[in-house]
Amino acid sequence: MFALVLGMPTAALGAGLTAYESSMRAVQTQSAQRHEVTARLTSEVKGSAEDAKRQAPVRWTDDNGKVRTGTTLVEPGKPKGATVQVWVDRDGTLTEPPMSTLNAKATGWLVGGMVAAGVTAGFFAARTGVRRLLDRRRYAQWEAEWVLVEPVWSARFRR
């Protein structure tokens, strides 16, 4: 039990912090490599405001003055020429927004929780395995002793 009480929080905290720090490095890297630009829709996005976002063609000018095009998810009902914010990488290619610090925190908590659950499950699985092994051994010893004692024991009642 001491192993569970000491090991589980230590393992969970260590794994959670490692996952958080790794995710924060990804956040910093992605934030440095990606930036948001304003693009214009090159066609109308059909649908109502209640519909899910749809792929739509957009056009924007990169930092070098080169006109670029691509497709991105846009809310339905936007007219042609409407502006939308898109994320691009250093090459000017459309990409996803960088991971947020909230994602990094959630990753840390999730990994820490999973490790805590794993250590707890491993502890109880090992405990159950050892207990079954010891019970088997105990039952085998009991059976061996009973083989020796039973003839003497039952002879007392035959008189």
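The values are calculated or read from the model by the stated rules, or taken from the named source; none is laboratory data. Nothing here was measured: the structure is a model prediction, and the numbers come from that model. All Cβ positions, glycine included, derive from the backbone under ideal geometry; neighbour counts span all protein chains shown. Please note that ligands, DNA and RNA were not included when accessible areas were found on the heavy atoms of the full protein model with its side chains. Shrake-Rupley method; radii C 1.70, N 1.55, O 1.52, S 1.80 Å.
Where in the range 102-128 is the amide nitrogen less than 18 Å from a point lying 7 Å along the Cα-to-Cβ axis of residue 4?
Flagged as within label range: 113-128.
Using the Cα atoms of the chain to build a convex hull, what is its mean projected area in square nanometres?
Approximately 18.6 nm², given one-decimal rounding.
Hey, can you grab everything whose amide H is under 5 Å from the amide H of residue 44? Only 5+ residues off in sequence or another chain; H modelled, so Pro and N-termini drop out.
80
Considering only protein heavy atoms and a 1.4 Å probe, what is the carbon-and-sulfur percentage of the accessible area of the range 1-45?
Percent of accessible area from carbon and sulfur atoms in the range 1-45: 61.
Roughly speaking, what is the stretch gain from residue 109 to residue 87, that is 0.36 nm per residue apart minus the C-alpha to C-alpha distance, in nm to one decimal?
Stretched fully, the residue 109-residue 87 segment lengthens by 5.2 nm.
Can you compute the modelled spin-label distance between residue 154 and residue 54, with each label point 7 Å from Cα toward Cβ, in nm?
Taking the two extended label points, one gets 8.6 nm.
Using a probe radius of 1.4 Å on heavy atoms only, what accessible surface per residue do you get for the chain? Whole Å² is fine.
74 Å²
For residue 100 and residue 40, calculate 0.36 nm times their separation in residues minus their Cα-Cα distance, and state this gained length in nm to one decimal.
Going from the current span to full extension adds 19.1 nm.
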